[in-house]
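Q: So that we are looking at the same thing, I have put the structure below in structure tokens.
The values are calculated or read from the model by the stated rules, or taken from the named source; none is laboratory data. Only a predicted model underlies this, so the values are computations on that prediction, with no experimental measurement involved. Here the Cβ positions follow ideal geometry from the backbone for every residue, glycine too, while neighbour counts run over all protein chains shown. Side chains included, ligands, DNA and RNA excluded: accessible areas come from the protein's heavy atoms. Shrake-Rupley method; radii C 1.70, N 1.55, O 1.52, S 1.80 Å.
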Amino acid sequence: MKTRCEWATSEQIYIDYHDYEWGKPTHDDQKLFEMLCLEGAQAGLSWITILKRRENYRAAFDNFAPELISAYDEHKINELLQDEGIIRNKRKIHSAITNAQAFLNVQREFSSFDSYIWQFVDGKPILNDWATHTEVPASTKQSELMSKDLKKRGFTFVGPTICYAFMQATGMVNDHTQDCFLYHGNNK
């Protein structure tokens with residue numbers, strides 16, 4: 001039996017997320033945008049709440065195509081506020097739209113969001129060495145710098161804790177604990 005990070009409960013959706021996604025380096029712009037949106041939607045909630053609604057989010061938000069989301073109008077916002085498959089928080093919905101617009105600006109400036117966002121870890125994953133999940137910080141110097149720069153560029157719902165969760169989710173940081181079979185990308 002594989003040993004996993006303690007947060008990966010016995011729920012299959014969590015196990016799959018842990019085993020196949022969390023901590024794996026992501027360089028696809030649309031995937032990076034999806035994770036930024038989902039991490040923002042998660043603010044104040046548990047990650048499993050968002051993970052269970054992920055397919056609903058993909059359907060409601062045009063598969064996280066920033067070009068489409070950036071043009072959402074009041075009619076679309078009202079439609080989203082009626083969608084029981086997502087978190088119906090007006091501020092978080094507006095954030096996805098604002099972030100799509102800022103995302104497109106970053107893509108124009110840096111050729112890709114990937115080029116921009118990975119600079120906060122010098123282009124390679126940070127491999128941490130935690131014995132237990134309780135040692136993992138909620139934010140770091142890098143996530144604070146990322147948060148500050150994203151906010152300066154017009155992004156919202158991108159505080160240091162959300163940025164650190166984003167970094168973990170997209171493999172910019174590998175926080176699998178020492179006992180986990182995915183520690184430092186290993187397959188024990």
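Q: Once you've got the Cα coordinates, tell me which of Lys2/Lys52; Lys31/Lys141; Lys2/Lys90; Lys90/Lys124; Lys124/Lys152; Lys90/Lys152 are over 30 Å apart.
A: Going by Cα-Cα distance, Lys2/Lys90; Lys90/Lys124 fall outside the 30 Å limit.
Q: Now for a different question. Run the accessible area of segment 1-119 with a 1.4 Å probe and give the carbon-and-sulfur part as a rounded percent.
A: Roughly 46 percent of what the probe reaches on segment 1-119 is carbon or sulfur.
Q: I need to check one value: relative contact order of segment 135-188, counting alpha carbon pairs closer than 8 Å and at least 6 residues apart, in percent.
A: RCO, segment 135-188: 27 percent.
Q: Still on this model: If r is the Cβ-Cβ distance from Gln12 to Ala65 and R0 is 45 Å, what FRET efficiency results, to the nearest 0.05?
A: In this case the efficiency is close to 0.95.
Q: Further question: Can you give me the C-alpha center-to-center distance between segment 30-104 and segment 13-28, rounded to a whole angstrom?
A: 19 Å
Q: Moving on to the next point. Quote the charge dipole size of segment 112-166 about the Cα centre in Debye, to the nearest 20; the model charges only the Cβ of Lys and Arg (+1) and of Asp and Glu (-1).
A: Once rounded to the nearest 20, the dipole reads 300 debye.
Q: For segment 1-112, what does the accessible surface come to per residue with a 1.4 Å probe? Please give it in Å².
A: Result: 51 Å² of accessible area for each residue.
Q: How are the alpha carbon pair distances in the chain distributed across 10 Å bins from zero to the largest one, expressed in percent?
A: Binned Cα distances yield the sequence 9, 37, 35, 16, 2, 0.
Q: Here is a further query. If I fit a long axis through the Cα atoms of helix 141-152 and take the longest principal axis of the Cα atoms of the chain, what angle between them do I get, 0 to 90°, rounded to 10?
A: Its long axis makes an angle of about 0 degrees.
Q: Based on the inverse mean of 1/r over its pairs of different Cα atoms, what is the Kirkwood hydrodynamic radius of segment 1-99, in Å?
A: 14.5 Å
Q: Given a 1.4 Å probe and every protein chain left where it sits, what share in percent of the accessible area of segment 139-188 is carbon and sulfur?
A: The C+S portion of the solvent-accessible surface of segment 139-188 is 51 percent.
Q: Averaging sequence separations of C-alpha pairs under 8 Å and six or more residues apart, then dividing by the length of segment 32-175, give the relative contact order as a whole percent.
A: So the answer I get is 26 percent.
Q: Classify segment 63-131 from the C-alpha gyration tensor, please: rounded if a/c falls under 1.5, else prolate or oblate depending on whether a/b exceeds b/c.
A: Oblate shape, in that a/c is at least 1.5 and b/c is the bigger or equal ratio.
Q: Here is a further query. For Val173, enumerate residues with amide H under 5 Å from its amide H, sequence gap 5+ or separate chain, H modeled in the peptide plane.
A: Those lying under 5 Å, H to H, from Val173 are Ile126, Gln168.
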